[in-house]
Amino acid sequence: MAVGKVTFTKAEREKLAQLLWLLNWISVLTGVILFSLGLFLRVEIQKRQEVMSDQEILYVPHMLITTGLVACCINFLGGKICYECTDTSKFLRWKLVLLPYIVCTFFFTFCVLVGALMCYSIRNQLEESLFLGLRNAMRYYKDTDTPGRCFLKRTVDLLQMQFQCCGNAGYRDWFHVQWISNRYLDMTSSDVRDRLRSNVEGKYLMDGVPFSCCSTLSPRPCIQQQVTNNSAHYNYRHQTEQLNLWRRGCRQALLDHYTSIMRSIGLIVLLIWLFELLVLTGVRYLQTAMENVLRLGNPDCESDGWILENSLAETARSNFNIIKNLGKCYQVDDDPNINPVS
Amino acid sequence: MVVMKMKFPFEKRVKLAQGLWVLSWFAAVAGAITFTLGCILKTELRKRAEVMDNTDVHVVPNTLMLVGLASLGINYFAGKICQDALDAGRFPRWKTFLKPYFATSCFFTVLMLLSVVMSYVMKGSLENSLKIGLRNGIRFYKDTDTPGRCFQKQNIDRLQMDFQCCGNTDHRDWFEVQWISNRYLDFSSKDVKDRIKSNVDGRYLLDGVPFSCCNPSSPRPCIQYQITNNSAHYNYDYQTEELNIYLRGCREALVHYYMGLMNTIGAGVLTGSVLVCLRYLQTAMEAVAGQENTEIETEGYLLEKGVKETIMEYVDPVRMYSHLTRLRP
């Protein structure tokens, strides 16, 4: 009981081959699109890699890039095969290659699907990575004289200005970190000494934020020092003041940014996967139709094409038996010349 | 008195037509690029329209867009003429069309060269416009409650952050303007009263700048208040501190940016050379017309008569027309 049997006349076979040739070339283009999407994602992640603690998220763009390149090669080969399959004599050349090609392409489309799903599932890992990365970046904000960390201040400032965010979860994160270097603190001043003594680790903590947290939407000049002290500023209540500083945390801002990019990329990759599946089905039909033509002997007659010759269960069983018997190349018990029954 | 006569055998005519066809397609692409550049320049100028006092400088992108479109059309027809040029039977239908075509093409080539010159000439006007626009922007920075001016603060802040600049000429422009609104000043405080009394206009002036002047590349947290007072901050010297706030003025930054955009014009040369070759082809083909043997050698030239006589030839019909319209009451 064949699965998905369709009968093809000679003209239909030729039309199918031509159509598949065209579709394979379009698939080469989609492979290029896949490659460039992976490249774009990699560049975007690389731009902000200083605020990400681990680089595992790079698996997603790398997967897309390799899949794109492999897609180009496979579909280029597929196009060549389909072009020559219109003619039964040329088909003989490709006969042995075609079934392995179809199996490989089937596994490859599976990889494309995995790539698409990875785009959607990476969110949690990204959030964790951003949380740790931003926490470290804020901790080392003041270390502009330490090699390896001297540009972290600039990076964090530009990040906060560009994404319109402040701190890790909110602006209060800056209150728990010493973000002013000791080089610029007057240790002889009583105010500084009081602050340093007020906490266990001897850090200069204050209820102030860097200038990059200031919101451009505020109608009044930015209040970045003594943010929680209502009496320090005229006509100011920090509980009701919404526009003074950016309210959103940078972790949320970056997460939203990357999630939206990866969602769109994931959608495009899913569409490409569906298209590849369609092309693969067409190639399978063409292969089985051409093989049946050869079996029948007459190149001009009608032939059947199918996806599977027998039902799914029988095909699985027969393949399983083949794999089981692969190891046994030589049945000692069956050979009549050994231990002949006298 | 023929101007720049050249001999053209048949093969040379063929080569001229083919080369010219390719050249005219390149020039059409260049025309499209010029049009796109004009659009980009216009968009960029409109983005910052709030800090410009007048729109005089918009004549440069407008001319570029006009010339780009015209060049596209002109070179398209040049290509078509070249295709028909080698067929002596099809060439005559272009004959009546060619004289006005050359006149308009010369006009647009001159216009394109003029736009290149204009972009340099407009620099002074742009600078003036920006000077007035920025001065007003800084003056109305505090008026976030006045309708029509409530977005000035946001615009100036974004401008200073995007272009990495501070103030009009430099950061000291902020010292001469009250940029903190009276709504946020405590008039019962002694400090505020002293500052207001210290100048004739009763304005609250201070040696501070808005946060958007702060430079993220500075190794220390931004010092935006009491900038000139060395003793107010630890380990700080106003004269040697270069990274704290942006030292460049916004006027200079914007002029630099727009001049950089306007200096990317160069397609005028290409269109000009296409025209010269086309003229040679036309005159060579004219000599062939009516001959039985189309493969003979002919002469081509730029102008049949001298330069002065050719100009008179074009101007006379225009003069006669204006004379006639003047006679009629």
- Message: Among the residues of region A:216-239, what is the count of those that are out of contact with any Asp or Glu (no Cβ under 9 Å at 6 or more places or on another chain) and in contact (Cβ under 8 Å) with a residue 40 or more places away in the chain?
- Response: 0
- Item | region A:1-57 - residue that is among the hydroxyl-bearing types (Ser, Thr, Tyr) and in contact (Cβ under 8 Å) with a residue 60 or more places away in the chain and, of those, least open to solvent (accessible area, probe 1.4 Å) | A:Ser27
- The residue from B:Gly167, B:Gly137, B:Gly133 that alone is at positive phi and either of a type outside the set (Gly, Ala, Ser) or crowded, with 17+ Cβ neighbours inside 10 Å (or both) is B:Gly167
- Message: When you scan region A:238-250, do you find a residue that is under 17 Å from the mean Cα position of the chain (by Cα) and crowded, with 21+ Cβ neighbours inside 10 Å, even just one?
- Response: no
- Note on the structure: Of (1) out of contact with any His (no Cβ under 7 Å at 6 or more places or on another chain); (2) polar (S, T, N, Q); (3) within 14 Å of another protein chain (Cβ to nearest Cβ), A:Gln239 satisfies every one except (3)
- Which ones in region A:173-196 are among the β-branched types (Val, Ile, Thr) and away from every other protein chain (no Cβ under 12 Å)? A:Val177
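Scanning for something open to solvent by less than 10 Å² (accessible area, probe 1.4 Å), assigned to a helix (DSSP H, G or I) and of a type in the set (S, T, N, Q), does region B:11-20 turn up at least one residue?
no
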- So which of B:Arg149, B:Arg183 ends up being open to solvent by less than 90 Å² (accessible area, probe 1.4 Å) and within 11 Å of chain A (Cβ to nearest Cβ)? B:Arg183
- Could you tell me whether region A:61-83 includes any residue that is assigned by the TED database to the domain that holds A:Thr109, crowded, with 19+ Cβ neighbours inside 10 Å and under 14 Å from A:Tyr258 (Cα atoms)? yes
- Query: Of the residues A:Val227, A:Val200, which is out of contact with any helix residue (DSSP H, G or I) (no Cβ under 8 Å at 6 or more places or on another chain) and assigned to a loop (DSSP other than H, G, I, E, B)?
  - Reply: A:Val200
- Item | Qualifying position, being not assigned by the TED database to the domain that holds A:Gly78 and not basic (Lys, Arg), among A:Leu277, A:Leu267, A:Leu243 | A:Leu243
- Query: Going by the structure shown, is B:Ser212 crowded, with 17+ Cβ neighbours inside 10 Å and not in a loop (DSSP other than H, G, I, E, B)?
  - Reply: yes
- Note on the structure: Pairing a residue in region A:291-318 that is on the phi < 0 side of the Ramachandran plot with any residue that is small (Gly, Ala, Ser) and part of a loop (DSSP other than H, G, I, E, B), where Cβ atoms lie under 6 Å and the two sit 6 or more apart in sequence or on different chains, gives A:Trp306/A:Ala2; A:Trp306/A:Gly4; A:Ile307/A:Gly4; A:Glu309/A:Ala2
- Message: Which count do you get for residues in region A:224-236 that are surrounded by fewer than 22 Cβ atoms within 10 Å (Cβ to Cβ) and more than 9 Å from chain B (Cβ to nearest Cβ)?
- Response: 7
- Message: Consider region B:163-181. How many of its residues are farther than 22 Å from B:Asp201 by Cα and assigned to a loop (DSSP other than H, G, I, E, B)?
- Response: 5
- Message: I'd like the residue in region A:197-215 that is of a type in the set (Ser, Thr, Tyr) and in contact (Cβ under 8 Å) with a residue 40 or more places away in the chain and, out of all such residues, is farthest from the other protein chains (Cβ to nearest Cβ).
- Response: A:Ser215
- Query: Are any residues in region A:188-200 open to solvent by 80 Å² or more (accessible area, probe 1.4 Å), at pLDDT 90 or above and more than 17 Å from A:Gln226 (Cα to Cα), and if so, which ones?
  - Reply: A:Thr188, A:Arg193, A:Arg197
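Only one of B:Leu206, B:Leu243, B:Leu261, B:Leu247 is modelled with pLDDT of 90 or more and more than 13 Å from chain A (Cβ to nearest Cβ). Can you tell me which? Walk me through it before giving the result.
Details: B:Leu206 fails: more than 13 Å from chain A (Cβ to nearest Cβ); B:Leu243 fails: more than 13 Å from chain A (Cβ to nearest Cβ); B:Leu261 fails: modelled with pLDDT of 90 or more.
Just one listed residue meets the conditions, B:Leu247.
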- Report, by residue number, each residue of region B:186-203 that is in contact (Cβ under 8 Å) with a residue 12 or more places away in the chain and facing chain A (nearest Cβ under 9 Å). B:Val192
- Message: Tell me yes or no: at least one residue of region B:80-96 is in a helix (DSSP H, G or I) and at pLDDT 80 or above.
- Response: yes
- Of B:Gly38, B:Gly89, B:Gly124, which residue is without any contact (Cβ under 8 Å) to a residue 60 or more places away in the chain and within 24 Å of B:Val14 (Cα to Cα)? B:Gly89
- Note on the structure: The correct count of residues that are touching a residue at least 24 places away in the same chain (Cβ under 8 Å), more than 9 Å from chain B (Cβ to nearest Cβ) and open to solvent by 30 Å² or more (accessible area, probe 1.4 Å) in region A:157-172 is 2
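The values are calculated or read from the model by the stated rules, or taken from the named source; none is laboratory data. Because the structure is a prediction, the values reported are computed rather than measured. As a convention, Cβ positions derive from the backbone with ideal geometry for all residues, glycine included, and neighbour counts pool all protein chains shown. The area values use the complete protein model at the heavy-atom level, side chains included, leaving out ligands, DNA and RNA. Shrake-Rupley method; radii C 1.70, N 1.55, O 1.52, S 1.80 Å.
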